[in-house]
1. Is the shape of the range 245-349 best called rounded, prolate or oblate, per the rule: a/c under 1.5 gives rounded, else a/b larger than b/c gives prolate, else oblate, with a ≥ b ≥ c the square roots of the Cα gyration tensor eigenvalues?
2. Could you pull out every residue, at least 5 positions away or on a different chain, whose amide H is within less than 5 Å of the one on residue 64? Hs are placed 1.01 Å off N in the peptide plane, and Pro or chain starts have none.
3. Starting at the first residue of the range 96-107, write each ³J(HN,Hα) from the Karplus equation 6.51 cos²θ - 1.76 cosθ + 1.60 with θ = phi - 60°, in whole Hz, x for Gly and Pro.
4. Name the long-range amide H neighbours of residue 198: under 5 Å, sequence gap of 5 or more, or other chain; modelled H, no Pro or chain starts.
5. So, counting K/R as plus one and D/E as minus one, what does the shell of residues with Cβ under 11 Å around residue 131 add up to?
6. For residue 220, list long-range residues whose amide hydrogen, built 1.01 Å from N in the peptide plane, is under 5 Å from its own amide hydrogen.
7. Please compute the modelled spin-label separation between residue 349 and residue 232, points set 7 Å along Cα→Cβ, answer in nm with one decimal.
8. Placing +1 on the Cβ of each Lys and Arg and -1 on the Cβ of each Asp and Glu in the chain, which of 260, 282, 16 has its Cα farthest towards the positive end of the resulting dipole?
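Where a number appears in this text, it was derived from the coordinates with a stated rule and is not lab data. Just so it is clear, the model here is predicted, and its values are computed rather than measured. So basically every Cβ, Gly included, is an ideal-geometry build from the backbone, and we count neighbours across all protein chains shown.
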Amino acid sequence: MNPSSTTPSRLILDDIVHAYDGRVAVDHVSVGIAAGEILCLLGPSGCGKTTCLRLAAGLEDVQHGRVIIDGRTVAEPGRAVKPEARGVGLVFQDYALFPHLTVRDNVGFGLRQAGAAERRRRSEALLDLVGLGGRGGDYPHMMSGGEQQRVALARALAPEPQVMLLDEPFSGLDIALRDRLCADTLAVLREVGAAALMVTHDPDEALRMGDRIAVMNGGRIVQAGYATELYQAPATPFVARLFGELNAISLRVAGGRVSTPLGPLPAPGFADGAAVTVMIRPEALIEDAYGVIEAEVVEVRALGPVTALGIRVAGWPGRLGLRLGGVPRHDRGDRLRLTLDLGQTFVFAADGR
Ligand SMILES: Nc1ncnc2c1ncn2[C@@H]1O[C@H](COP(=O)(O)OP(=O)(O)OP(=O)(O)O)[C@@H](O)[C@H]1O
């Protein structure tokens, strides 16, 4: 992502390279996040996400590149503004609350300059904001894990940071609680208008939380953009697979297209004879009484809101995955007619990753 693009960025990581013991963990990463915007760094374990966050927070010294907050360089090789002087709020998974302080005092911890009355007023207001109004007198051990995480969020927001850094803030929570906390956090971040950088390995969480998503792999950003861009136009098979397993087949291009057992697909930009991997999302296969693709159902799995079918189509090696909304309406052995949604099919160079 180009940090000098249209909206002024409140937080910029500019050409960050970082190595541990000579092994590169972050490789020329640049991101810019505007006020009121949430950018999710999404990628598998070990791809360098947390290192980026730690560099932005000042918990790690910058070896190459710069961290810029509100136009001010806060870290570059050999020079670093202290973490507490960066105006940054941190919500790290293991950023424990102080057990001997009440929830209210935990939230007010970063407001020591304010008078006692003001500190109390602001702590209570923040607890209201995260849905914990009236719980200020409790101690952390009296709260559930999700409630403690909301307290941690309120504590991070208390000094009204211009920048929020969140590292897997919802991991380890059950789905219902995670969804609620995601929504709460989103609302709070929007209200305070901070620039937020959030790390997650969970694509659902990134889609839910991120205004934009930067996908990392092997220390690099492989694609960055709006969620719809990543979903509809993945730059690599890796990005395509992030949002669910795909049906894949290896073929060769002929006459600007590739002939698949599901019909021909355009293959612009590929030379004749080029080896390609065709990837088709399960949701690209649409049940259609007039469809030209004939399939046989070989597997039916009810997944709650959707049903996953395994189907066979003449010429396709193995089975294809397909998803239909709702409870199962098919049995093994049923025959289906399908149409292919070309918007959810992708042609990548065979050696692409
Ligand atoms: N303090 C350290 N010393 C040595 N190597 C480290 C250190 N911290 C991270 N690494 C290595 O750097 C790479 C990137 O780690 P990082 O924690 O940034 O990745 P991540 O994407 O956040 O992973 P996870 O989701 O598992 O936390 C990994 O290979 C990791 O083992």
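1. On the way: a/c = 2.32, a/b = 2.09, b/c = 1.11.
Because a/c hits 1.5 or more and a/b exceeds b/c, the range 245-349 counts as prolate.
2. HN-HN under 5 Å from residue 64: 17.
3. Per residue, the Karplus-derived 3J(HN,Hα) values read 5, 6, 7, x, 8, 9, 5, 4, 4, 6, 4, 5 Hz.
4. 39, 40, 41, 166
5. Working: positive: 135, 150, 180; negative: 128, 147, 184.
Once positives and negatives cancel, what remains is 0.
6. Under 5 Å from the amide H of residue 220: 27.
7. 2.6 nm
8. Most positive-ward Cα: 16.
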